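*Asks:* Structure below; questions to follow.
The values are calculated or read from the model by the stated rules, or taken from the named source; none is laboratory data. Quantities reported herein were computed from a predicted structural model and do not represent experimental measurements. Glycine gets a Cβ as well: all are built from the backbone with ideal geometry, and neighbour counts include every protein chain shown. The accessibility values were calculated without ligands, DNA or RNA, using every heavy atom of the protein model including side chains. Shrake-Rupley method; radii C 1.70, N 1.55, O 1.52, S 1.80 Å.
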Amino acid sequence: MDNSGLAVEAAQAVARSEGIHAVTRTIGAVKITDVKISEAAEKQIGKPRGRYITLESEPHAAGLSALLSRALSQVIPPRGRLFAVGLGNPDITQDSLGAAVIRGISARKGRRYTLSAIETDVAAKTGLETARLVKAAARELRADCVIAVDALACKDPRAIGRTVQITDAGLIPGAGADCTRGALSRERLGIPVAAVGVPTMTVLSSVTQNRSDSGFHVTTADIDVLIKMWAEVLGGAVDSLIG
(Lines give C-alpha, C1' and ligand atoms only; values in the text may rest on other atoms or scores of the structure.)
Protein backbone atom coordinates (compact mmCIF):
# COMPACT_ATOMS: atom_id res chain seq x y z
CA MET A 1 0.00 0.00 0.00
CA ASP A 2 1.80 3.08 -1.24
CA ASN A 3 -0.30 5.57 0.70
CA SER A 4 0.44 4.19 4.17
CA GLY A 5 0.86 7.08 6.59
CA LEU A 6 3.30 5.18 8.80
CA ALA A 7 6.98 5.85 8.12
CA VAL A 8 7.91 2.76 10.13
CA GLU A 9 6.14 0.56 7.55
CA ALA A 10 8.00 2.22 4.69
CA ALA A 11 11.30 2.00 6.58
CA GLN A 12 10.85 -1.75 7.11
CA ALA A 13 10.59 -2.24 3.36
CA VAL A 14 13.96 -0.53 2.72
CA ALA A 15 15.60 -1.11 6.09
CA ARG A 16 19.14 -1.39 4.76
CA SER A 17 19.07 1.79 2.71
CA GLU A 18 21.45 4.61 3.47
CA GLY A 19 19.90 7.72 4.99
CA ILE A 20 17.42 5.80 7.16
CA HIS A 21 18.21 5.33 10.83
CA ALA A 22 15.83 3.49 13.15
CA VAL A 23 16.08 2.72 16.86
CA THR A 24 13.53 0.60 18.72
CA ARG A 25 13.01 0.16 22.45
CA THR A 26 10.21 -0.95 24.74
CA ILE A 27 9.01 0.84 27.86
CA GLY A 28 6.44 -1.17 29.78
CA ALA A 29 3.77 -2.22 27.30
CA VAL A 30 4.74 0.43 24.73
CA LYS A 31 7.07 -0.26 21.81
CA ILE A 32 8.77 2.92 20.56
CA THR A 33 10.47 3.19 17.17
CA ASP A 34 12.38 6.37 16.34
CA VAL A 35 13.00 6.68 12.59
CA LYS A 36 15.09 9.44 11.02
CA ILE A 37 14.91 9.91 7.25
CA SER A 38 17.56 11.99 5.50
CA GLU A 39 17.09 14.12 2.40
CA ALA A 40 18.95 11.49 0.38
CA ALA A 41 16.47 8.77 1.35
CA GLU A 42 13.15 10.60 1.21
CA LYS A 43 12.41 9.81 -2.44
CA GLN A 44 13.24 6.15 -2.06
CA ILE A 45 11.14 5.69 1.07
CA GLY A 46 8.32 7.92 -0.15
CA LYS A 47 8.25 10.02 3.02
CA PRO A 48 9.52 13.57 3.62
CA ARG A 49 12.81 13.85 5.46
CA GLY A 50 12.45 14.26 9.19
CA ARG A 51 11.95 12.39 12.41
CA TYR A 52 9.12 9.91 12.95
CA ILE A 53 8.43 8.59 16.45
CA THR A 54 6.03 5.64 16.50
CA LEU A 55 4.48 4.23 19.66
CA GLU A 56 2.75 0.85 19.43
CA SER A 57 0.36 -0.21 22.18
CA GLU A 58 -3.24 -0.41 23.21
CA PRO A 59 -4.61 3.10 23.88
CA HIS A 60 -5.24 2.24 27.54
CA ALA A 61 -1.62 1.17 28.19
CA ALA A 62 -0.19 2.52 31.45
CA GLY A 63 2.03 5.54 30.96
CA LEU A 64 1.19 5.99 27.28
CA SER A 65 -0.01 9.59 27.63
CA ALA A 66 3.22 10.58 29.38
CA LEU A 67 5.31 8.89 26.68
CA LEU A 68 3.31 10.69 23.99
CA SER A 69 3.85 14.01 25.72
CA ARG A 70 7.59 13.32 25.88
CA ALA A 71 7.68 12.42 22.19
CA LEU A 72 5.78 15.58 21.27
CA SER A 73 8.19 17.71 23.27
CA GLN A 74 11.02 16.42 21.05
CA VAL A 75 9.52 17.80 17.83
CA ILE A 76 8.14 21.19 18.98
CA PRO A 77 9.86 24.35 20.26
CA PRO A 78 10.64 24.47 24.00
CA ARG A 79 8.12 27.29 24.52
CA GLY A 80 5.82 29.63 22.62
CA ARG A 81 2.38 29.71 21.00
CA LEU A 82 1.03 26.31 19.96
CA PHE A 83 -1.78 26.01 17.44
CA ALA A 84 -3.53 22.61 17.57
CA VAL A 85 -5.40 21.68 14.40
CA GLY A 86 -7.89 18.84 14.13
CA LEU A 87 -8.07 17.55 10.55
CA GLY A 88 -10.52 15.24 8.87
CA ASN A 89 -14.28 14.82 8.57
CA PRO A 90 -16.04 14.65 11.96
CA ASP A 91 -19.09 13.06 10.31
CA ILE A 92 -17.14 9.95 9.25
CA THR A 93 -16.10 7.88 12.26
CA GLN A 94 -12.74 6.64 10.97
CA ASP A 95 -11.84 10.19 9.89
CA SER A 96 -13.00 11.99 13.04
CA LEU A 97 -9.90 11.65 15.24
CA GLY A 98 -8.67 15.21 14.69
CA ALA A 99 -12.00 16.78 15.63
CA ALA A 100 -12.39 14.47 18.63
CA VAL A 101 -8.99 15.49 20.03
CA ILE A 102 -9.63 19.21 19.58
CA ARG A 103 -13.03 18.97 21.28
CA GLY A 104 -11.35 17.42 24.32
CA ILE A 105 -8.70 20.08 24.97
CA SER A 106 -8.94 23.64 26.25
CA ALA A 107 -7.27 26.69 24.75
CA ARG A 108 -5.31 28.40 27.49
CA LYS A 109 -1.99 29.83 28.64
CA GLY A 110 0.39 27.62 30.57
CA ARG A 111 3.89 27.91 31.99
CA ARG A 112 5.75 27.36 28.73
CA TYR A 113 3.05 27.40 26.08
CA THR A 114 -0.09 29.19 25.01
CA LEU A 115 -2.55 26.89 23.24
CA SER A 116 -5.10 27.75 20.57
CA ALA A 117 -7.10 25.14 18.68
CA ILE A 118 -9.40 24.70 15.69
CA GLU A 119 -11.29 22.00 13.78
CA THR A 120 -10.73 22.42 10.06
CA ASP A 121 -13.32 19.93 8.73
CA VAL A 122 -12.72 19.01 5.07
CA ALA A 123 -12.37 21.22 2.00
CA ALA A 124 -15.36 19.56 0.32
CA LYS A 125 -17.59 21.01 3.04
CA THR A 126 -15.87 24.30 3.85
CA GLY A 127 -14.75 25.29 0.37
CA LEU A 128 -11.33 26.15 1.80
CA GLU A 129 -8.13 24.25 1.19
CA THR A 130 -7.00 22.99 4.59
CA ALA A 131 -3.39 24.13 4.28
CA ARG A 132 -4.44 27.66 3.28
CA LEU A 133 -6.90 27.83 6.18
CA VAL A 134 -4.31 26.66 8.70
CA LYS A 135 -1.64 29.01 7.34
CA ALA A 136 -3.95 32.03 7.57
CA ALA A 137 -5.09 31.17 11.10
CA ALA A 138 -1.54 30.47 12.28
CA ARG A 139 -0.40 33.84 10.94
CA GLU A 140 -3.28 35.63 12.68
CA LEU A 141 -2.46 33.88 15.98
CA ARG A 142 1.29 34.47 15.52
CA ALA A 143 1.75 30.79 16.28
CA ASP A 144 5.24 29.39 16.82
CA CYS A 145 4.26 25.81 15.98
CA VAL A 146 1.33 23.84 14.57
CA ILE A 147 0.29 20.49 16.05
CA ALA A 148 -1.78 18.78 13.36
CA VAL A 149 -3.86 15.75 14.39
CA ASP A 150 -5.28 13.43 11.75
CA ALA A 151 -6.34 9.86 11.04
CA LEU A 152 -3.86 7.82 8.98
CA ALA A 153 -3.97 4.82 6.71
CA CYS A 154 -1.71 1.82 7.28
CA LYS A 155 -0.58 -1.30 5.47
CA ASP A 156 -0.83 -3.80 8.32
CA PRO A 157 -4.44 -4.08 9.56
CA ARG A 158 -3.09 -4.92 13.03
CA ALA A 159 -1.82 -1.33 13.34
CA ILE A 160 -5.33 0.12 13.20
CA GLY A 161 -6.06 1.84 16.50
CA ARG A 162 -2.92 0.42 18.10
CA THR A 163 -0.22 2.73 16.78
CA VAL A 164 0.42 6.47 16.96
CA GLN A 165 2.97 8.42 14.95
CA ILE A 166 4.50 11.79 15.82
CA THR A 167 6.67 13.55 13.26
CA ASP A 168 8.25 16.91 12.51
CA ALA A 169 7.84 16.28 8.77
CA GLY A 170 4.26 17.53 8.59
CA LEU A 171 1.51 15.78 6.62
CA ILE A 172 -0.74 15.96 3.59
CA PRO A 173 -4.44 16.05 4.55
CA GLY A 174 -6.39 13.25 2.87
CA ALA A 175 -3.31 11.37 1.68
CA GLY A 176 -4.44 8.07 3.21
CA ALA A 177 -7.62 8.12 1.15
CA ASP A 178 -5.91 9.37 -2.02
CA CYS A 179 -7.56 12.78 -1.58
CA THR A 180 -4.38 14.84 -1.38
CA ARG A 181 -4.41 18.54 -0.66
CA GLY A 182 -1.62 21.01 0.02
CA ALA A 183 0.96 19.86 2.52
CA LEU A 184 1.00 21.08 6.09
CA SER A 185 4.75 21.48 6.46
CA ARG A 186 7.36 23.86 7.78
CA GLU A 187 8.20 24.83 4.21
CA ARG A 188 4.61 25.85 3.48
CA LEU A 189 3.61 27.41 6.80
CA GLY A 190 6.94 28.96 7.74
CA ILE A 191 6.84 27.50 11.26
CA PRO A 192 7.46 24.00 12.69
CA VAL A 193 4.68 21.46 12.16
CA ALA A 194 4.29 18.47 14.47
CA ALA A 195 1.94 15.92 12.91
CA VAL A 196 0.21 13.39 15.14
CA GLY A 197 -1.68 10.51 13.61
CA VAL A 198 -3.31 7.19 14.44
CA PRO A 199 -4.06 4.70 11.65
CA THR A 200 -7.80 4.08 11.45
CA MET A 201 -8.12 2.21 8.14
CA THR A 202 -6.32 0.11 5.55
CA VAL A 203 -7.04 -0.97 1.99
CA LEU A 204 -9.07 -4.14 1.61
CA SER A 205 -6.32 -5.80 -0.43
CA SER A 206 -4.10 -5.76 2.67
CA VAL A 207 -6.61 -8.11 4.26
CA THR A 208 -7.64 -10.23 1.28
CA GLN A 209 -4.26 -10.20 -0.54
CA ASN A 210 -6.27 -9.59 -3.72
CA ARG A 211 -5.03 -6.65 -5.78
CA SER A 212 -8.48 -6.06 -7.24
CA ASP A 213 -9.61 -4.99 -3.75
CA SER A 214 -7.13 -2.09 -3.56
CA GLY A 215 -9.81 0.48 -4.30
CA PHE A 216 -11.68 -0.21 -1.07
CA HIS A 217 -10.85 0.97 2.46
CA VAL A 218 -11.78 -0.99 5.57
CA THR A 219 -11.60 -0.43 9.31
CA THR A 220 -12.39 -2.35 12.49
CA ALA A 221 -15.81 -2.92 14.03
CA ASP A 222 -14.80 -1.06 17.21
CA ILE A 223 -13.33 2.01 15.48
CA ASP A 224 -15.78 4.32 17.28
CA VAL A 225 -14.48 3.14 20.65
CA LEU A 226 -10.86 3.37 19.52
CA ILE A 227 -11.34 6.94 18.26
CA LYS A 228 -12.77 7.97 21.62
CA MET A 229 -9.95 6.32 23.56
CA TRP A 230 -7.20 7.79 21.41
CA ALA A 231 -8.79 11.24 21.55
CA GLU A 232 -8.61 11.10 25.34
CA VAL A 233 -5.00 9.89 25.35
CA LEU A 234 -3.79 12.41 22.77
CA GLY A 235 -5.73 15.24 24.42
CA GLY A 236 -4.14 14.33 27.73
CA ALA A 237 -0.67 14.41 26.15
CA VAL A 238 -1.25 17.90 24.75
CA ASP A 239 -2.78 19.13 28.02
CA SER A 240 0.22 17.94 30.01
CA LEU A 241 2.52 19.94 27.73
CA ILE A 242 0.61 23.14 28.44
CA GLY A 243 0.56 22.52 32.20
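*Asks:* Yes or no: D91 open to solvent by 20 Å² or more (accessible area, probe 1.4 Å), charged (D, E, K, R) and not in a helix (DSSP H, G or I)?
*Replies:* Answer is yes for this residue.
*Asks:* When the stretch 42-63 is examined, which residues are found to be free of Cβ contacts under 8 Å to residues at least 40 places away in the same chain, surrounded by fewer than 19 Cβ atoms within 10 Å (Cβ to Cβ) and on the phi < 0 side of the Ramachandran plot?
*Replies:* Across the stretch 42-63, the qualifying residues are E42, K43, Q44, A61, A62.
*Asks:* I've got another one for you. When you scan the stretch 208-240, how many residues do you find that are more than 17 Å from the chain's Cα centre (by Cα) and of a type in the set (A, V, I, L, M)?
*Replies:* Here the count works out to 3.
*Asks:* Shifting gears a bit: Sort through V85, V75 and tell me the only one that's open to solvent by less than 10 Å² (accessible area, probe 1.4 Å) and among the β-branched types (V, I, T).
*Replies:* It is V85.
*Asks:* Can you run down the residue pairs with Cβ atoms below 7 Å, 6 or more apart or on separate chains, where the first is in the stretch 123-150 and in contact (Cβ under 8 Å) with a residue 60 or more places away in the chain and the partner is of a type in the set (V, I, T) and assigned to a helix (DSSP H, G or I)?
*Replies:* V146/V134; I147/V238; V149/V101
*Asks:* Further question on the same structure: Among the residues in the stretch 46-62, are any touching a strand residue (DSSP E or B) at 6+ places or on another chain (Cβ under 9 Å), part of a helix (DSSP H, G or I) and not small (G, A, S)?
*Replies:* No - not one qualifying residue is present in the stretch 46-62.
*Asks:* Taking the condition at pLDDT below 95, within 25 Å of P157 (Cα to Cα), assigned to a helix (DSSP H, G or I) and in contact with a Phe, Trp or Tyr (Cβ under 9 Å, 6 or more places away or on another chain), does A100 pass?
*Replies:* no
Matching residues to (1) buried (at least 17 other Cβ atoms within 10 Å of the Cβ); (2) of a type in the set (A, V, I, L, M); (3) more than 13 Å from G98 (Cα to Cα):
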| position | (1), (2), (3) |
| --- | --- |
| V149 | yes, yes, no |
| V193 | yes, yes, yes |
| V196 | yes, yes, no |
| T200 | yes, no, no |
| F216 | no, no, yes |
| T219 | yes, no, yes |
| I227 | yes, yes, no |
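*Asks:* Right, R139: at pLDDT 95 or above, surrounded by fewer than 18 Cβ atoms within 10 Å (Cβ to Cβ) and assigned to a helix (DSSP H, G or I) or not?
*Replies:* yes
*Asks:* Moving to a separate point now. Give me the residue from the stretch 94-116 that is open to solvent by less than 10 Å² (accessible area, probe 1.4 Å) and more than 16 Å from the chain's Cα centre (by Cα) and, out of that set, nearest to V196 (Cα to Cα).
*Replies:* That would be L115.
*Asks:* Which ones in the stretch 152-202 are more than 17 Å from A84 (Cβ to Cβ), at pLDDT below 90 and in a loop (DSSP other than H, G, I, E, B)?
*Replies:* The answer is I172, G174, D178, C179, T180, R181, G182, A183.
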